[in-house]
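The values are calculated or read from the model by the stated rules, or taken from the named source; none is laboratory data. Just so it is clear, the model here is predicted, and its values are computed rather than measured. For accessibility, only protein heavy atoms count, side chains too; no ligands or nucleic acids. Shrake-Rupley method; radii C 1.70, N 1.55, O 1.52, S 1.80 Å.
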Amino acid sequence: MESNTVFWGRKEYKKQLDDFFSYEGQNVALVYGRRRVGKTQLIKHCVSSLKIPSLYYECKETSEDNNVKSLAEIVSDSLGFPLLSFSSIEQILDFVFKQALGKDVVLILDEYPYLSKVVKGLDSIVQSLVDKYRDDSHLHLILCGSYVDTMKSLVEKQNPLYGRFDLVIDLKPMNYYESSLFYKGFSDEDKVRLYSVFGGIPHYNRLVDAKKSVKDNIISLIASPSSRLETEVTMYLKSEIQKMNNAYEVFETLARGYVRFADILSQSKVSSSPTLADVLEKLIKMNVVKKVNPINDENNKKKAGYYVCDQLTLFYFKYIYRNLSRLTVMDSDVFYNRFIAEDFEKNYVPRAFEEVCRQFLIMKNRRAELSDDFEKIGKYYYDDVKNHTNGEFDIVTENNGEYIFYEAKFRSEPISQSMIYKEIAQVIETGLSCKKYGFFSRSGFEKIDEEYKKNLILYDLKDLFPQK
């Protein structure tokens, strides 16, 4: 099995799979993640360098008989047999396990939930074969799928496959830096803009055209009739939320900036609190919404916020969904300039820049590259008694009770010392005591007194996108 696609990033996952394939004996892996996140390409990339028989089969949402015939062709071809005939999935899987007695063989069943729908008791069948051949087979079996809820259920206690997986990979979207590898030829600030729209989904990022501007890429891929990704968000959601009412109303509300449960309930017009709680729980399981608790009050449900964590979904519901009727009758440039351009630059990208900065700090902290490392990072909630209000600081790290406040500015002018004074004064006024103060700037910094710099941590875009 070959993969000719240029492959970037995913170093940790690649190491896990390389170790999995090098194991001397039988093992089983579960690989899952949302649609388009790159599961198949990751597996194919790791398998492409192996010098052992590798069988890849994408399961079909058809009959068992149809799947048996299709898989039999792959087994016959990959293992060098004349076309074989089998009567059931159990029989063909048993045959593959036997072929791995004393020698390494890889079997990948992609979109496994499709097969488990049409083969009664498939989980039990796989479990029985895994146990039967555990001591003698050298089969490296991977079950892969996009239906996150279904795949997660395979590792639960009530499932026959519980305890049979030697490796479980919940494949997440790429971070901002890995995504930027797709944006060669763009400026660092345009890499932030592109990430704010297409996020960490490799399929979307591969579609970005280096010969076009950010605006033209957005128009051609998502903000014009018949664009490549015009129906991508709705098709993905429909495949996962067929029986879920009110999901679109919740997405629209979140995209408008309402994040507290009570505000989402009132603004979305969802019928009741239990209904909203159910919708949010399902969207969180799909990895398109995340629940964020402030790091200084993690158990306070009232202070938790809900955010769309898939960038394309957020962009779609913020700018496209509510304007679909306009999009179909307007010139695409006019539509972009009227309904996207100003808010995109003033509000949308700066918010995404905060997420980029948060990911940068986590990445550096994991590599032990920060002199001021941390145990927690997140939002810090405060009550402003003097002004009878409350609020949050978006990027705060905490280590053993000591806090560092970070401010991210995606503005065309450099940050001045007076601006830093003002930001720090606002923090102090809320009662948050900080060990240091950090600032991220798209456009760098004006001259700052050396003595004053001692308690500051300053980053610009060159730090976030180092050239290798």
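The range 15-59 gives an Rg/Rh value of 0.94, both radii derived from C-alpha positions and Rh following Kirkwood. For the range 316-468, the normalised intensity computed at q = 0.15, 0.16 Å⁻¹ comes to -0.89, -0.97 (log10 of I(q)/I(0), Debye sum over alpha carbons, equal scatterers, no solvent). The fraction of accessible area contributed by carbon and sulfur in the range 196-353 is 46 percent, rounded to a whole number (1.4 Å probe; ligands and nucleic acids excluded). Principal-axis analysis of the Cα atoms of the chain puts helix 349-366 at an angle of about 70° to the longest axis. Fully extending the segment from LYS11 to ASP166, taken as 0.36 nm per residue of separation minus the present Cα-Cα distance, adds 53.9 nm. Once you reduce the range 362-385 and the range 13-76 to the center of their Cα atoms, the two points are 38 Å from each other.
Karplus-derived 3J(HN,Hα) values for the range 94-108, using 6.51 cos²θ - 1.76 cosθ + 1.60 with θ = phi - 60°, are 4, 4, 5, 4, 5, 5, 9, 5, x, 8, 6, 9, 10, 10, 10 Hz; glycine and proline are entered as x.
Length available on full extension from LYS291 to SER273: 0.36 nm per residue minus the Cα-Cα distance, which gives 4.9 nm.
From the cross-link list LYS11/LYS191; LYS238/LYS409; LYS44/LYS211, which pairs have alpha carbons spaced over 31 Å apart? Write out the running numbers ahead of the final one.
Values: LYS11/LYS191 21 Å; LYS238/LYS409 36 Å; LYS44/LYS211 29 Å.
Exceeds cut-off: LYS238/LYS409.
By how many nm would the segment from LYS462 to ASP65 grow when fully extended, if each residue of separation counts as 0.36 nm and the alpha-carbon distance is taken off? Walk me through the numbers before you get to the answer.
Numbers: separation 397, 0.36 × 397 = 142.92 nm, distance 5.65 nm.
Between LYS462 and ASP65, full extension yields an extra 137.3 nm.
Summarising the strand pairing of the chain, around 35 percent of its internal DSSP beta bridges are antiparallel. For ILE142, the amide hydrogen comes within under 5 Å of the amide hydrogens of ALA29, LEU107, ILE108, LEU109, counting only partners 5 or more places away or on other chains and with H modelled in the peptide plane. Using a probe of 1.4 Å, the accessible surface attributed to MET419 totals some 50 Å² when neighbouring protein chains are kept in position.
For the range 254-405, state what percent of all Cα-Cα pairs lands in each successive 5 Å bin, counting from 0 Å until the bin that includes the largest distance. Per 5 Å bin, starting at zero, the Cα-Cα P(r) for the range 254-405 comes out as 2, 8, 13, 17, 17, 16, 13, 8, 4, 2, 0, 0 percent.
Among the listed values (1) 44, 34, 17; (2) 44, 26, 23; (3) 42, 32, 21, the one matching semi-axes √(5λ) of the Cα gyration tensor in Å as calculated from this structure is (2). Between 0 and 90 degrees, the angle of helix 122-133 with respect to the longest Cα principal axis of the chain falls at about 70 degrees. Note: relative contact order over the chain, using C-alpha pairs below 8 Å and six or more positions apart, is 12 percent.
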